[in-house]
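Shown next, in structure tokens, is the structure this report addresses.
The values are calculated or read from the model by the stated rules, or taken from the named source; none is laboratory data. Predicted, not measured: the structure shown is a model, and the values here were computed from it. Please note: Cβ atoms are built from the backbone with ideal geometry, for glycine as well, and neighbour counts cover all protein chains shown. The area values use the complete protein model at the heavy-atom level, side chains included, leaving out ligands, DNA and RNA. Shrake-Rupley method; radii C 1.70, N 1.55, O 1.52, S 1.80 Å.
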Amino acid sequence: RIPKQGRPSEVDWWMKRGRDYAKLPIAPLAARYAAVWKPWYNKLQPPGPRRESSIFPLPQSELDACADWSILKKGGPNGIFIVLTTLVFWAAGLQTQADIDTYDGAAGDVLWVLRSMLASMEVKKRKLSDSDDGDGVIGRSTRRARVHK
């Protein structure tokens, strides 16, 4: 579950009403929504420069395959899906070019995060593959196998 502290109130409103996709909340003032969304999103970042950054969009040097994405790398309806859903609420309330530009930066950053998380999974997969000792079994468990009769 992704931390909800500091999350835009529209998310809680929508969740308390059964997560009805036909009745998504619209961020009434995109600039106010962005002012709440950005600090919440920053707190979800891995420890380091991205989390402490005051500029937005957050710094993106290259795909960060070694970062600890454990806060955001959560599946299910309360995982990374919530971050994507918050972008939908935000997009529905866009009115000015400045709103659109801020939103585009945020959506682009979320895309970068998703790519970084995928890259980190590839690195872990490669490490497991490199630990193959030639017997065709990768990452052999030290526990005894269960035999079902």
Exercise. Among the numbered conditions (1) in a loop (DSSP other than H, G, I, E, B); (2) modelled with pLDDT of 85 or more; (3) open to solvent by 60 Å² or more (accessible area, probe 1.4 Å), tell me where Arg140 comes up short.
Key: (2)
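Filter the range 106-124 for residues that are over 20 Å from Arg51 (Cα atoms) and in contact (Cβ under 8 Å) with a residue 12 or more places away in the chain; which is most open to solvent (accessible area, probe 1.4 Å)?
Among them, the one singled out is Glu122.
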Exercise. Hey, could you check the range 1-47 for residues that are surrounded by fewer than 18 Cβ atoms within 10 Å (Cβ to Cβ) and of a type in the set (Ser, Thr, Tyr) and say which is farthest from Gln97 (Cα to Cα)?
Key: Tyr21
Quiz prompt | Single residue of the range 66-105 satisfying the filter (over 16 Å from the mean Cα position of the chain (by Cα) and in a loop (DSSP other than H, G, I, E, B)) that is surrounded by the fewest Cβ atoms within 10 Å (Cβ to Cβ) | solution = Thr96
Practice problem: Using the structure shown, decide if Arg50 is among the basic types (Lys, Arg), part of a helix (DSSP H, G or I) and either modelled with pLDDT of 90 or more or surrounded by fewer than 18 Cβ atoms within 10 Å (Cβ to Cβ) (or both). | Solution: no
Quiz item: How many residues are charged (D, E, K, R) and crowded, with 18+ Cβ neighbours inside 10 Å when one looks only at the range 53-65?
Solution: 1
